[in-house]
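A quick write-up on the structure given underneath.
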Amino acid sequence: MTPTNTAAWSPWGRQPLAANDNLPRVVAFTGVAGSGKSTAADYLTSKGYTRIKFAGPLKAMCRAVGLSDEHIEGDLKERPLDWLQGKSPRQFMQRLGTEFGRDCIGPHFWVGLWERAALEVLDEGGRVVCDDCRFANEADAVRKLGGVVVRLAGRGGLAGGHASESVDWEADAMIGNHHGIDRLRENLDWVMREVAA
C-alpha cells in the first residue's frame, strides 16, 4: 500500500487530528469577514468543540426584531432593508454590537455574556470554539480561560470600514487560508498541535 492510499497520509506530513487529542480548551478565530473563520470553527466542532459566539446574544436580539437566519448568517446579510432604514443586516449587527453594546452599555458587555456561556461548557469538561473574536478584550477573555486566538488570513476577505472589522492586536497564531478547505484543515491540525505542545 502506498502512503497516498492511507487515511492519515498528507503530502505535507501532517496527521489529521483525532477527536480526543490534547487540544486547547478554547480556540477563537479572528480575521476579516470572509477569511474562513466559520469554516475553521465548523472543522473544530466536528472534533467535539462547542461553538459559542461573542455575537450569540446579539444575533438572538436580531431574530427578536424580525431578521431571519438568512439575514443574520446567510446570503441576505449584505442586502439593505427598507425597514432597517436602508442599512444591511450586517451594518445593523455591527452597530447593535459596537455602538450599543460596547459603547453605551460597556466594553465588556458581550464578553461577560460569552464568558458565562463558555464556562458552562468548560465546567462540564467540554471545549469551546469561537469564530467571531474581533476585539482585544475578547481575545483576553479567551486567553483568561486558557485558550488561544488564531488569525486567519487570505481568501480575499471582505475588509470593512467598521471598527469590528479592524483587528489591531496580536493573535497567538496565524493561518494562511489561500488554498482551499483541505489545506485549511491540515493547517488547523498543525496549529492545534503546536499550541497544545
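Per-structure values
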| read-out | value |
| --- | --- |
| Residue in the range 108-126 that is more than 28 Å from residue 172 (Cα to Cα), loosely packed, with under 13 Cβ neighbours inside 10 Å, of a type outside the set (Lys, Arg) and at pLDDT 95 or above present | no |
| Answer residue from the range 15-49, given it is modelled with pLDDT under 85 and of a type in the set (Gly, Ala, Ser) and is farthest from residue 89 (Cα to Cα) among those | 18 |
| Residue within the range 3-12 that is modelled with pLDDT under 95, on the phi > 0 side of the Ramachandran plot, part of a loop (DSSP other than H, G, I, E, B) and not acidic (Asp, Glu) present | no |
| In the range 79-91, residue farthest from residue 62 (Cα to Cα) [restricted to those that are more than 19 Å from the chain's Cα centre (by Cα) and either among the acidic types (Asp, Glu) or in a helix (DSSP H, G or I) (or both)] | 82 |
| Matching residues in the range 65-107 - criterion: being exposed (fewer than 11 other Cβ atoms within 10 Å of the Cβ) and farther than 28 Å from residue 142 by Cα | 65, 66, 75, 82, 83, 85, 86 |
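Residue by residue, here is whether (1) of a type outside the set (A, V, I, L, M, F, W, C); (2) closer than 30 Å to residue 48 by Cβ; (3) assigned to a loop (DSSP other than H, G, I, E, B) holds:
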site: 76; (1), (2), (3): no, no, yes
site: 93; (1), (2), (3): no, yes, no
site: 112; (1), (2), (3): yes, yes, no
site: 118; (1), (2), (3): no, yes, no
site: 121; (1), (2), (3): no, yes, no
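The values are calculated or read from the model by the stated rules, or taken from the named source; none is laboratory data. Treat the numbers as computed from the prediction; the structure is a model and nothing was measured. Here the Cβ is made from the backbone with ideal geometry for all residues, glycine too, and neighbour counts use every protein chain on show.
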